[in-house]
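First up is the structure itself, then whatever we jot down about it.
The values are calculated or read from the model by the stated rules, or taken from the named source; none is laboratory data. A quick note: this is a predicted structure, and the numbers were derived from the prediction, not measured. Neighbour counts are summed over all protein chains in view; Cβ atoms, including those assigned to glycine, are modelled from backbone coordinates with ideal geometry.
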Ligand code: UDX
């Protein structure tokens with residue numbers, strides 16, 4: 001199959017490289033000339049384990065290429081994927097669809113012969129129809145189908161998620177497009193991956209419903225963690241105790257500082273807005289959004305309380321800035337609420353993150369960045385773990401204690417056991433567990 005992928009952001013690049021690895025001929029197109037030049041030189045603009053090698057192998061095999069020129073890449077394509085950004089529109093939280101619509105107009109100009117246009121960007125219900133209308137208006141006689149095919153990739157595990165998905169969702173309105181989509185995902189059919197064929201609107205909603213449900217699960221366990229702290233229970237054991245019930249499942253039940261990232265905050269908000277404007281308000285999701293926002297804002301208070309009520313003039317060591325490990329992505333990371341709140345309360349912040357410091361520098365000011373976890377701790381009055389990078393999981397606790405001015409650790413990810421901290425003589429505060 002010949003595939004054109006519009007957009008070389010996170011989703012476009014991972015999907016393009018994986019489709020090429022399935023054996024398809026893929027051209028990834030982006031308007032950003034410098035991005036294309038970098039990709040052609042083998043530089044990967046995002047941090048994703050395994051992606052660089054996968055891109056290099058498929059470029060070498062002649063299955064994957066990059067281009068600025070949609071017109072040259074699209075004729076003869078069996079499918080053109082739209083994988084452009086749909087950021088939250090400023091002010092109202094609706095998804096901004098201008099990039100998707102622009103891509104549709106451009107495809108209409110250049111497509112040739114029967115083409116399946118596949119929307120991989122996360123778009124509200126009805127967008128597929130809108131894309132079809134745009135193309136139909138520009139090319140009344142063209143033969144094409146518009147399909148919805150949402151992505152469920154987690155940053156840091158995206159290649160595995162693409163190649164071994166729990167399911168693939170495809171929203172189609174005609175049999176001809178079903179055949180093309182079946183052929184594109186053939187390697188997964190052979191692996192017996194469930195492929196959910198449904199109509200376009202349902203497919204569009206599945207994406208939002210999945211993310212909103214997962215965000216709800218996290219928010220639920222975060223509230224249970226707060227309750228555990230009040231009643232002397234342990235949230236990890238609560239999560240295990242309920243997660244072993246097959247109807248609930250144990251995943252996405254890690255209590256923490258609140259969810260962040262490029263998807264959950266944006267998609268929950270977009271679902272809330274769509275539901276409101278459709279006259280079917282999603283009240284549970286509305287509450288989840290509200291609770292998560294206020295939770296992230298309240299996390300700095302835990303550090304202040306651990307330091308005896310004031311951090312004025314103190315130095316706080318921060319380990320981890322990205323919204324989760326194995327990414328350099330800072331979008332909606334809890335650190336963006338926590339660090340400024342610590343600074344506002346009068347503390348100096350010293351921080352280390354294995355991949356996110358460059359991104360963080362553009363978003364926050366007055367942070368003293370260091371070269372490793374131990375250097376961050378030197379002379380600090382307390383340490384707070386915001387992101388659970390592997391390299392923070394097995395710190396030498398004696399060294400931690402000797403480097404800190406006061407042995408105080410606030411662990412917002414529960415990566416240590418209270419008992420080992422007590423043994424090491426560190427005052428340890430975690431989430432939803434008795435100290
Ligand atoms: C998510 C979805 O998982 C993915 O299917 C979708 O396509 C895009 O959004 P991603 O944003 O990469 O992926 O990260 P994910 O691993 O889902 O984590 C999202 C946020 O939830 C992170 O801030 C993470 O720390 C938090 N989280 C996750 C928890 O606090 N507890 C959990 O148990 C799981």
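Observations
- Qualifying position, being more than 16 Å from the ligand (Cβ to nearest atom), assigned by TED's automatic domain parsing to the domain that holds residue 21, touching a residue at least 12 places away in the same chain (Cβ under 8 Å) and surrounded by 20 or more Cβ atoms within 10 Å (Cβ to Cβ), among 131, 170: 131
For (1) over 27 Å from residue 47 (Cα atoms); (2) assigned to a helix (DSSP H, G or I), each residue gets a yes or a no:
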position: 224; (1), (2): yes, yes
position: 247; (1), (2): yes, no
position: 252; (1), (2): no, no
position: 257; (1), (2): no, no
position: 295; (1), (2): yes, yes
position: 301; (1), (2): yes, yes
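- Residue tally, condition closer than 16 Å to residue 112 by Cα and either crowded, with 18+ Cβ neighbours inside 10 Å or touching a residue at least 40 places away in the same chain (Cβ under 8 Å) (or both), over region 135-166: 4
- Per-region count, region 109-126, residues assigned to a helix (DSSP H, G or I) and free of Cβ contacts under 8 Å to residues at least 40 places away in the same chain: 1
- If the condition is being touching a strand residue (DSSP E or B) at 6+ places or on another chain (Cβ under 9 Å) and under 15 Å from residue 192 (Cα atoms), then region 141-174 contributes 167, 168, 169.
- Scanning region 321-344 for residues that are closer than 19 Å to residue 295 by Cβ, buried (at least 24 other Cβ atoms within 10 Å of the Cβ) and within 16 Å of the chain's Cα centre (by Cα) turns up 321, 322, 323, 330, 333, 334, 335.
- In region 244-255, the residues that are at negative phi and either exposed (fewer than 13 other Cβ atoms within 10 Å of the Cβ) or near the ligand (Cβ under 6 Å from one of its atoms) (or both): 244, 245, 246, 247, 251, 253, 254
- Residue, nearest to the chain's Cα centre (by Cα), within region 112-127, restricted to residues that are away from the ligand (no atom under 16 Å from the Cβ) and surrounded by fewer than 24 Cβ atoms within 10 Å (Cβ to Cβ): 125
- Candidates 61, 56: the one that is closer than 22 Å to residue 14 by Cα, at pLDDT 95 or above and within 26 Å of the chain's Cα centre (by Cα) is 56.
- Boolean, residue 202 is closer than 30 Å to residue 2 by Cβ, within 16 Å of the ligand (Cβ to nearest atom) and touching a strand residue (DSSP E or B) at 6+ places or on another chain (Cβ under 7 Å): no
- Residue check for residue 80: at pLDDT 95 or above, closer than 24 Å to residue 160 by Cα and surrounded by 22 or more Cβ atoms within 10 Å (Cβ to Cβ): yes
- Flag if residue 180 is in the same structural domain as residue 21 (by TED's automatic domain parsing), modelled with pLDDT of 95 or more, part of a helix (DSSP H, G or I) and within 13 Å of residue 100 (Cα to Cα): no
- When residue 304 is tested against (1) in contact with a helix residue (DSSP H, G or I) (Cβ under 7 Å, 6 or more places away or on another chain); (2) crowded, with 21+ Cβ neighbours inside 10 Å, just one condition goes unmet, and that condition is (1).
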